[in-house]
Structure formats: C-alpha cells, structure tokens
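A short worksheet on the structure shown next.
The values are calculated or read from the model by the stated rules, or taken from the named source; none is laboratory data. As the structure is a computational prediction, the values presented were derived from the model and not from experiment. Heads up, the Cβs are rebuilt from the backbone with ideal geometry, glycines too, and the neighbour counts pull from every protein chain shown. Accessible surface areas use protein heavy atoms only, side chains included; no ligands, DNA or RNA. Shrake-Rupley method; radii C 1.70, N 1.55, O 1.52, S 1.80 Å.
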Amino acid sequence: MAANKKMLMLPGDGIGPEVMHEVRRVIDWMARRRAVSFDISEDLVGGAAMDVKGTPITDKTIADAAAADAVLFGSVGGPQWDKLGFDNRPEIAILRLRKELGLFANLRPAVVFDPLINASTLRPDVVQGLDIMIVRETVGGVYFGEPRGIETLANGEQKGFNTDVYTTSEIERVGRVAFELARKRGNKLCSVEKANVMECGLLWRQVMTKLGEREFPDVQLSHMYADNCAMQLVRNPRQFDVIVTGNLFGDLLSDLASMLTGSLGMLPSATLGAPDATGKRHALYEPIHGSAPDIAGKGIANPLAQILSFAMLLRYSFELNEDADLIERACSNVLASGLRTADIMAEGCARVGTHVMGEAVIRELDKQAA
Ligand code: NAD
C-alpha cells in the first residue's frame, strides 16, 4: 500500500478539532478497507497557533501546505482572540494560505440531501434533487483592485472607493476550472456578471465566450446578469449546473446558494490553484461553517461538512471518485436512517452527538463495502 499522497491537516479552533477527529476515523477506514492511505501531517493554525507560537500561521506551516498535495482545513476564530490586532487575528491563517498558495477558484457545491429537504426555507418541490456548483474567483476583483481607499475631499466630505478589475488571464484561469467541472457534471455552465453596467463585466463575458468557443465547444455556455442570477437561484435553482462568477458576486451568490440547502453543518468547499506543468495544483478543502464557539467542546457539532470536505479532497486532488462517492453515499444514508445532530434535528429523528454521527458514517461505509 503506497502512502505517497501528502495531506496536511489543520483542525484550527472551536469545533474544528472535534469534527476533524471524525475525519481521522474515515481516513483510517479507507486505509483498512480501500487500501487508500496518506502521508499525513498536522499543525496548529488560527487562535490555537497564536496561543502556542505567537502567530496565526507560521511560515513553516505555509511551506508545508505548499509541499502537500492537499490541505484539509477545519475552522479558525473565537471570541477570546477577537481583540487582537488585524495581523494576529486567527482568520489571517486562511487568508494567508489562500494568497500564498495562489488559491483563486472557490468551489461550493449546494446539494440538497433528500432526508433534509424540509430544512430548506424553500418549498420541497423547488429544491428536491438540487445539485449545483458555484465557482467563485477569490483573489481578484473589487476586494483587491487598486485604487482603493477613503479620501477626504476639498469640501470636507469623505469618499470611499474600490475598483473592480479583472484581466483576461484571470478570467480565463477561473473560467477553465469551471468549464472542466461542467464537463465532469451536466455539461452546462452559466457565467455571471453585470455586463450591462460594468466594463469589467463586459470583458468577463467576452473572455468567457471566446474561451468556450476555443477550448470547450462541447460545453453549453450561457450568460446571466448577477441580479437575475440571485432571483433565479430562489425561483428555480435546478436550472443551474455550474455557475462561474467573480469575487464579489460569488461571495453573495454562493452564500445564497448554500442556504437553499438550509444546513450550514452539511456544506463542504474546495479552493484550487492553477495546475503546474505536471497537472498538480494546490488545493485546500474546508467546511463553509466557522469554528462555532457557541457549541465548541460540547460534542454536539455536525461533523458531516468536514467529512464531505474530505470527500471533495479525494475527488478533486486525487481523482478517487469512487471513494468520494462512497463517503457521500454513507453520509446520505446516515441521514436517511434518521440520525441528526442538533443543527439539523427534525421531528421523529434521533438526536446524536459528533462522535455517534461519525460512528454511523463508518457503519454505513462498512455496509457499502461488505
Ligand atoms: P459559524 O459558522 O461558526 O456558526 C454559525 C452558527 O452555526 C452557530 O450557531 C454555530 O453553532 C452553528 N454551526 C456552525 N457549524 C456547525 C456545525 N458543524 N454543527 C452544528 N452547528 C454548527 O459562524 P460565526 O458564529 O459567524 O463565526 C464563529 C467564528 O468562526 C468567528 O470567529 C468567525 O470569524 C469564524 N469563521 C471562520 C471561518 C473559517 O475558518 N473559514 C469561516 C466562518 C467563520
């Protein structure tokens, strides 16, 4: 059994270590039953690293992340670190990792598991079977564009300003990630911007159109204005397969899309960098929830988003699609069996804690592999 897949685990703060513990059991199961194993190292990040090492993330941890094939991240932050200056805040750990590893494409699936269909605030007939993927550009656009600032004008008034900016190559690299994903899914990609009122959006649309014609003529490409996309996501979300968009619109639309599922503790994500000459790319996987300080240490956190983040890691960093399918099916079956952590509790179901939920996933994996 060759252990040549290098994974760095960064559990972080709050419920991070608790839910990561359950992933460890899935990893052990995979080594035992599927002959899939990893070279794993683990490190402190966030407030935990601040307390021990005096910084939210060390340069060595960044270097280890860059050397790993994939990073599995938990969550960082908590009220005990809220008073630290901006440079020492736990959240700096994830911001530095994204920046220094060049992680520009954030992938957020929004999947509605049948047993959780009533957790959505939308009608079951609107969200049943929903399975969409939002690809958000994360290192460019208006959050990073220059010039930016707050100025005092001659009349004493103040002016705040930011610049939305994308170059051809920035649009193409995130566009390629989205086209490739669409090819592996329903072959449909919707590119979202505001080409009607923003030059940056107009360029985005032109570049995406040319990229599609040139490199992905087999993928069905459509375009939509961001405001219409927000409306369509609520009206008829199943019309979408993959959506690609810039940083600002992606921030809003991916939060909107994830809430169609109604359950924060269920949602994984991936952030990918550009492939190198060998096709290898930096990649970081994490649940979309934070460190949930209100429930940390109580053993009641839902571990499924972290486990599903690991399934994404198997799929996108190692092409272990069958193993990823196994884990996703196991999670779905556990929900179908009526087990629920507090965050997704429903009438007639059995409330369980983090550990029992993790155990149930292992039992389901055993059943499937039998
Ligand atoms: P949060 O996601 O941590 O929690 C929001 C609510 O959802 C809380 O009531 C929490 O108990 C619940 N929740 C979240 N995950 C859950 C799970 N797996 N199981 C059960 N319930 C769950 O968001 P917040 O409260 O806004 O932020 C708390 C801290 O996390 C802050 O310090 C914030 O900066 C940080 N944060 C970190 C990340 C990250 O590490 N990438 C992301 C978001 C927030």
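Descriptive notes on the structure:
- Screening Glu328 with (1) touching a Lys or Arg at 6+ places or on another chain (Cβ under 8 Å); (2) among the acidic types (Asp, Glu); (3) crowded, with 16+ Cβ neighbours inside 10 Å gives one miss only, at (1).
- Residue ID - least open to solvent (accessible area, probe 1.4 Å), chosen from residues in region 129-160 that are among the small types (Gly, Ala, Ser) and free of Cβ contacts under 8 Å to residues at least 24 places away in the same chain: Gly145
- So Ile307, is it under 19 Å from His21 (Cα atoms) and away from the ligand (no atom under 15 Å from the Cβ): no
- Flag for Val139 being in a loop (DSSP other than H, G, I, E, B), of a type outside the set (Phe, Trp, Tyr) and in the same structural domain as Asp241 (by TED's automatic domain parsing): yes
- When region 64-83 is filtered for residues that are within 20 Å of Pro275 (Cβ to Cβ) and either away from the ligand (no atom under 16 Å from the Cβ) or more than 20 Å from the chain's Cα centre (by Cα) (or both), the ones remaining, listed by number, are Ala66, Ala67, Ala68, Asp69, Ala70.
- Residue in region 86-99 that is more than 15 Å from the chain's Cα centre (by Cα), aliphatic (A, V, I, L, M) and assigned to a loop (DSSP other than H, G, I, E, B) present: no
- Within region 89-108, tally of residues that are in contact with a helix residue (DSSP H, G or I) (Cβ under 9 Å, 6 or more places away or on another chain), open to solvent by 20 Å² or more (accessible area, probe 1.4 Å) and not acidic (Asp, Glu): 4
- In region 26-42, the residues that are closer than 22 Å to Glu322 by Cα and either in contact with a strand residue (DSSP E or B) (Cβ under 9 Å, 6 or more places away or on another chain) or open to solvent by less than 50 Å² (accessible area, probe 1.4 Å) (or both): Val26, Ile27, Trp29, Met30, Ala31, Val36, Ser37, Phe38, Asp39, Ile40
- Every test in (1) among the small types (Gly, Ala, Ser); (2) outside any loop (DSSP other than H, G, I, E, B); (3) open to solvent by 40 Å² or more (accessible area, probe 1.4 Å) is passed by Ala305 save one, and that test is (3).
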